[in-house]
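The values are calculated or read from the model by the stated rules, or taken from the named source; none is laboratory data. Note that the structure is a prediction, hence the values are computed from the model and not measured. For neighbour counting, all protein chains shown are included, and Cβ atoms are generated from backbone atoms with ideal geometry for every residue, glycine included. Surface accessibility is based on the protein's heavy atoms, side chains included, excluding ligands, DNA and RNA. Shrake-Rupley method; radii C 1.70, N 1.55, O 1.52, S 1.80 Å.
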Amino acid sequence: MKSTSTKAWIEAMRLRTLPVSLAGVIAACGYALLAGSFSPAPAILCAIFAVLAQIASNFANEYYDFTAGLDRAGRDGPRRGVTEGDITPRAMLRATYATLACACMVGLSLVAWGGWWLIIAGVFIALGALAYSTGPYPLSRHALGEAAVVVFFGIVPVTLTFYLQAATVTIPVVLGSVAIGLMGANVLIVNNYRDCDDDRSVGKHTLAVACGRRATRSIYLLNGCVAIALCLPAWRMLPAPARIIPVAYLALHIALWHMLGRRTGSAINPLLGLTALAMLLYSSAFTLAAI
């Protein structure tokens with residue numbers, strides 16, 4: 001019998017990327033604090049929903065990439081349980097939809113704060129979690145993965161989490177949501193930059209395959225810089241000493257960009273987690289400053 005160890009499932013969750021889903025909710029809480037409308041209950045539920053939806057998307061990506069023949073054993077990236085034989089495809093498929101169902105149940109509880117129209121938003125998010133890897137036009141295989149991250153890990157979580165607390169959405173919040181999305185897209189860029197050769201060999205048309213490594217690395221740098229520029233209206237609402245935070249993020253971002261250009265293969269893996277961690281630290285620092 002194939003092993004379905006706890007370790008294999010934890011690896012399938014891709015824990016180092018989960019800060020991407022948390023960062024948007026945390027940033028939204030910062031904006032809510034600035035607006036004087038912070039509410040912990042919907043914020044916590046949004047965080048749980050976001051993490052479950054991301055885990056479901058990660059499970060789906062592993063299953064559907066395996067069934068499409070896009071993964072190989074011994075790849076440079078994190079170990080893939082289904083491809084390596086640690087998890088059966090059937091178990092992964094069940095886990096995908098079970099986790100997505102749990103996310104939807106949490107999402108339903110948010111109707112109490114946002115109204116029944118949230119069901120439509122929830123369906124959109126659930127379909128997005130699957131459309132990244134499957135369906136008639138899988139986004140991850142048509143150079144649209146990064147765009148999907150901007151929408152589903154930036155614009156959607158930030159604006160919805162803020163709306164559920166403030167019953168409105170402001171321009172600074174929308175700008176901040178795009179900024180968080182760009183930071184999240186950089187995590188996927190690191191992943192696709194590392195896997196560029198493997199993806200090209202199996203016909204997986206990622207942004208890195210379409211643009212090449214040099215241009216992809218430039219997009220990584222640009223995303224971080226644009227993200228900070230979009231957040232400037234919010235930082236102007238905070239005390240001057242707090243403005244060291246976006247400067248610190250930019251310094252770290254540029255350092256990671258330099259490292260990305262100097263590494264290949266599995267040596268890039270730590271940069272995946274560091275990019276996600278930088279995003280989480282930035283969002284957390286912003287919210288602490290807002291307090």
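Before moving on, here are some points about what is shown:
- Test result for E146, within 22 Å of the chain's Cα centre (by Cα), acidic (D, E) and modelled with pLDDT of 95 or more: yes
- Inside the stretch 214-268, residues that are surrounded by fewer than 17 Cβ atoms within 10 Å (Cβ to Cβ) and of a type in the set (S, T, N, Q) make up a count of 3.
- With respect to the conditions (1) under 24 Å from A148 (Cβ atoms); (2) modelled with pLDDT of 95 or more, T287 falls short on a single one, namely (1).
- Long-range neighbours under 6 Å by Cβ, at least six apart or interchain, first residue more than 11 Å from A47 (Cβ to Cβ) within the stretch 8-33, second open to solvent by 10 Å² or more (accessible area, probe 1.4 Å) and acidic (D, E): A8/D86
- Listed by position, the helices (runs of 4 or more DSSP H) contained in the stretch 66-143 that have at least 3 residues being within 22 Å of the chain's Cα centre (by Cα) are 89-109, 118-131.
- Of all the listed residues (S266, S177, S218, S201), the sole one being out of contact with any helix residue (DSSP H, G or I) (no Cβ under 9 Å at 6 or more places or on another chain) and hydroxyl-bearing (S, T, Y) is S201.
- Restricting attention to the stretch 157-213, the residues that are assigned to a helix (DSSP H, G or I) and either open to solvent by 20 Å² or more (accessible area, probe 1.4 Å) or farther than 16 Å from I26 by Cα (or both) add up to 33.
- Criterion violated by T83 - all others in (1) surrounded by fewer than 16 Cβ atoms within 10 Å (Cβ to Cβ); (2) free of Cβ contacts under 8 Å to residues at least 24 places away in the same chain; (3) touching a helix residue (DSSP H, G or I) at 6+ places or on another chain (Cβ under 9 Å) satisfied: (1)
- Residue in the stretch 25-45 that is outside any helix (DSSP H, G or I), at positive phi and out of contact with any helix residue (DSSP H, G or I) (no Cβ under 6 Å at 6 or more places or on another chain) present: yes
- The combined condition, being within 18 Å of the chain's Cα centre (by Cα) and open to solvent by less than 60 Å² (accessible area, probe 1.4 Å), is fulfilled by L280.
- Selection from the stretch 34-52 of residues that are of a type in the set (G, A, S) and buried (at least 16 other Cβ atoms within 10 Å of the Cβ): A35, A43, A47, A50
- Close pairs from the stretch 141-169: first more than 16 Å from A129 (Cβ to Cβ) and without any contact (Cβ under 8 Å) to a residue 60 or more places away in the chain, partner part of a loop (DSSP other than H, G, I, E, B) and aliphatic (A, V, I, L, M), Cβ under 6 Å, at least 6 apart: Y163/V169
- Tally of residues being open to solvent by 20 Å² or more (accessible area, probe 1.4 Å) and farther than 24 Å from L274 by Cβ across the stretch 1-33: 7
- Top-ranked residue of the stretch 106-126 - restricted to ones that are among the hydrophobic types (A, V, I, L, M, F, W, C) and surrounded by fewer than 12 Cβ atoms within 10 Å (Cβ to Cβ), ranked as nearest to A56 (Cα to Cα): I120
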